[in-house]
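Everything on this sheet refers to the single structure shown next.
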Amino acid sequence: MASAGSFSIVEYFGGDDGHRCGYCKNAQGNFSHGMWAHSMNVQDYQDLIDRGWRRSGKYVYKPVMNKTCCPQYTIRCHALKFHPSKTHKKILKKVTKFLSKGEMPAGPCDAPCDGERMDSMVEEGGEVPPLHPVEIQHAQVEHPIVPISVEEDTDAKPLTSESLREKTVSAAAGKSPRVTPKPGAGADPSKPPCRKAKDIRKERRLQKEQQMQQDGGDTLTNPKPAPATPAASQPKPLEDFITDSLPDDPLHRLEVRLVRSMPPSPQFKASFDASYQVYKLYQTVVHQDPPHKPSESQFKRFLCDSPLEAETSPDGPDMGYGSFHQQYWLDGRIIAVGVIDILPNCISSVYLYYHPDFAFLSLGSYSALREIAFTRHLQKQSPKLSYYYLGFYIHSCPKMRYKGQYHPSDLLCPETYTWVSLDKCVPHLEISAYARLNEDTRAGDACALKDLGRVLVLHKKMVMPYATYSRKKKVLSEEKEVEQYAGLVGQKTAEKILLYRS
């Protein structure tokens with residue numbers, strides 16, 4: 001999947017000191033391990049978030065679950081099995097009424113307005129520890145490097161970009177070919193579906209979206225409706241709730257554009273200032289930040305910078321993998337932005353900010369529903385991309401429990417790194433904020449550290465296993481730190497990611 005020579009490079013910072021918690025406001029109760037990701041390929045990040053890690057900009061952190069005041073459990077939704085709840089349907093209908101006729105809700109917002117996926121360390125006032133990452137040029141690993149295996153000496157043959165490419169090609173050769181899902185064709189495949197007026201309107205909207213995509217260059221993420229009306233016994237799919245009931249000439253027009261944020265696409269650059277102004281308003285009005293805090297540099301560092309490489313794959317989505325902004329344009333202006341990562345197995349939600357004037361539309365929840373629909377759309381292009389990660393679920397923080405409303409969902413067990421149905425987890429979390437979620441007492445961490453010597457490190461532009469590095473450096477004081485890092489990322493990942501050593 002990754003291009004030849006594309007290694008992930010991280011710098012580990014440990015996690016022994018406590019910091020302010022943005023959820024319960026404990027001054028020193030938030031404990032997490034952290035590392036700076038100089039570069040990261042998408043499969044390595046997928047593996048990391050499946051071990052409880054999460055990024056804020058280029059800073060990647062993992063809560064110390066049995067020590068932190070508010071344990072944060074990674075949560076994922078089964079996008080293909082998702083059906084909107086009554087609350088979700090109300091939100092979708094509310095948006096539809098506003099777009100169609102400009103109708104405003106009479107009472108206060110009836111959905112949780114804190115549905116902005118606030119989990120990053122800096123989102124609720126918690127600060128990333130002061131860091132001084134070294135300047136590492138990615139060219140250090142793009143040029144020929146010298147890998148030294150545990151068994152080999154320091155005069156091993158150089159591993160060139162060509163040999164790396166051969167390994168990448170040979171690995172890709174074993175992958176299954178891209179599967180194109182069969183289109184739906186109604187109850188009788190030999191006959192076309194009934195041409196109801198509702199379906200004709202959907203088809204017209206779809207044609208307009210496709211034409212706009214061809215004309216404007218932006219990737220529109222309005223989900224494509226199924227060509228046939230579902231059987232009466234089947235629940236109405238999410239996509240129909242999003243697209244239903246909109247007339248051909250609505251009062252307001254909502255357009256969702258996907259723009260790559262890293263590296264920044266021309267569309268991202270052209271809309272940067274408008275997007276930043278919405279973020280600044282959101283932080284100062286919704287989160288009461290002082291006007292100077294949401295600066296342009298802070299916005300870039302927090303929501304635009306990403307360590308993820310832009311990657312493509314024959315069996316991946318058309319736009320490729322990496323970091324994106326999903327912009328919600330209402331009548332030609334940005335009113336909300338969802339920051340997402342598209343990874344091999346999922347869409348990972350990073351953050352959502354919106355213009356405060358449109359808080360009545362419950363945009364936090366609405367955007368989550370749109371992102372679930374987008375996940376379902378991408379799964380048709382890439383079969384294994386079928387999950388929607390909402391970040392962290394914090395049962396001990398009542399306002400963060402809304403993430404459990406997207407059924408069916410799983411939580412990641414903090415001890416075995418296996419997924420457990422949320423319904424089975426809640427009884428344990430009602431008793432204790434921290435819990436081993438996997439009830440099988442015999443289960444353990446399948447990727448637990450077994451051989452520290454095989455951990456890969458980057459030292460003086462050379463890639464080598466830690467066993468060789470430790471013989472060369474003869475510095476035992478580093479071993480505890482490297483062992484802690486490798487245990488947190490897991491044996492498999494530690495043998496792929498390069499741990500920078502000065």
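Some points to look at:
- Test: residue in segment 282-295 that is closer than 24 Å to residue 342 by Cα, in contact (Cβ under 8 Å) with a residue 60 or more places away in the chain and crowded, with 18+ Cβ neighbours inside 10 Å: no
- Of all residues in segment 238-275, those being among the β-branched types (Val, Ile, Thr), over 22 Å from the mean Cα position of the chain (by Cα) and not in a helix (DSSP H, G or I) number 0.
- Residues in segment 393-408 that are out of contact with any Ser or Thr (no Cβ under 8 Å at 6 or more places or on another chain) and part of a loop (DSSP other than H, G, I, E, B): 394, 395, 396, 397, 406.
- Matching residues in segment 366-402 - criterion: being basic (Lys, Arg) and modelled with pLDDT of 95 or more: 370, 376, 380, 384
- Scope segment 249-266; condition in contact (Cβ under 8 Å) with a residue 60 or more places away in the chain and not aliphatic (A, V, I, L, M); matching residues: 250, 252, 253, 255, 257, 260, 261
- Test for residue 33: is it at pLDDT 95 or above and surrounded by fewer than 19 Cβ atoms within 10 Å (Cβ to Cβ): no
- Inspection of segment 50-68 finds no residue satisfying the criterion of being part of a helix (DSSP H, G or I), modelled with pLDDT of 95 or more and at negative phi.
- Within segment 298-347, restricting attention to residues that are aliphatic (A, V, I, L, M) and surrounded by fewer than 20 Cβ atoms within 10 Å (Cβ to Cβ), the residue that is nearest to residue 259 (Cα to Cα) is 319.
- Unmet requirement for residue 35, which otherwise passes all of (1) in contact with an Asp or Glu (Cβ under 7 Å, 6 or more places away or on another chain); (2) in a helix (DSSP H, G or I); (3) of a type in the set (A, V, I, L, M, F, W, C): (2)
Table: residues versus (1) modelled with pLDDT of 95 or more; (2) of a type in the set (Phe, Trp, Tyr); (3) touching a strand residue (DSSP E or B) at 6+ places or on another chain (Cβ under 6 Å).
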residue: 299; (1), (2), (3): yes, yes, no
residue: 308; (1), (2), (3): yes, no, yes
residue: 313; (1), (2), (3): no, no, no
residue: 318; (1), (2), (3): yes, no, no
residue: 330; (1), (2), (3): yes, no, yes
residue: 334; (1), (2), (3): yes, no, yes
residue: 338; (1), (2), (3): yes, no, yes
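- Count - residues of segment 342-392 that are of a type in the set (Val, Ile, Thr) and outside any helix (DSSP H, G or I): 3
- The residues listed here are 27, 37; of these, the one that is more than 19 Å from the chain's Cα centre (by Cα) and among the aliphatic types (A, V, I, L, M) is 27.
- Pairs meeting the criteria (first residue in segment 410-425 and without any contact (Cβ under 8 Å) to a residue 40 or more places away in the chain, second residue basic (Lys, Arg) and not in a strand (DSSP E or B), beta carbons under 6 Å, at least 6 apart or on different chains) are 415/436.
- Of all the criteria given as (1) among the hydrophobic types (A, V, I, L, M, F, W, C); (2) surrounded by fewer than 13 Cβ atoms within 10 Å (Cβ to Cβ); (3) modelled with pLDDT of 95 or more, the one not satisfied by residue 104 is (3).
Residue by residue, here is whether (1) within 21 Å of the chain's Cα centre (by Cα); (2) part of a helix (DSSP H, G or I); (3) closer than 26 Å to residue 30 by Cβ holds:
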residue: 434; (1), (2), (3): no, no, yes
residue: 438; (1), (2), (3): no, no, yes
residue: 446; (1), (2), (3): no, no, no
residue: 482; (1), (2), (3): no, yes, yes
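- If only residues of segment 483-496 that are out of contact with any Lys or Arg (no Cβ under 8 Å at 6 or more places or on another chain) and touching a residue at least 40 places away in the same chain (Cβ under 8 Å) are counted, the one that is surrounded by the fewest Cβ atoms within 10 Å (Cβ to Cβ) is 492.
- Within segment 309-325, being among the aliphatic types (A, V, I, L, M) and either closer than 17 Å to residue 377 by Cα or outside any loop (DSSP other than H, G, I, E, B) (or both) holds for one residue alone: 319.
The values are calculated or read from the model by the stated rules, or taken from the named source; none is laboratory data. Predicted model, so just to flag it, every value in this text is computed and none were measured. Please note: Cβ atoms are built from the backbone with ideal geometry, for glycine as well, and neighbour counts cover all protein chains shown.
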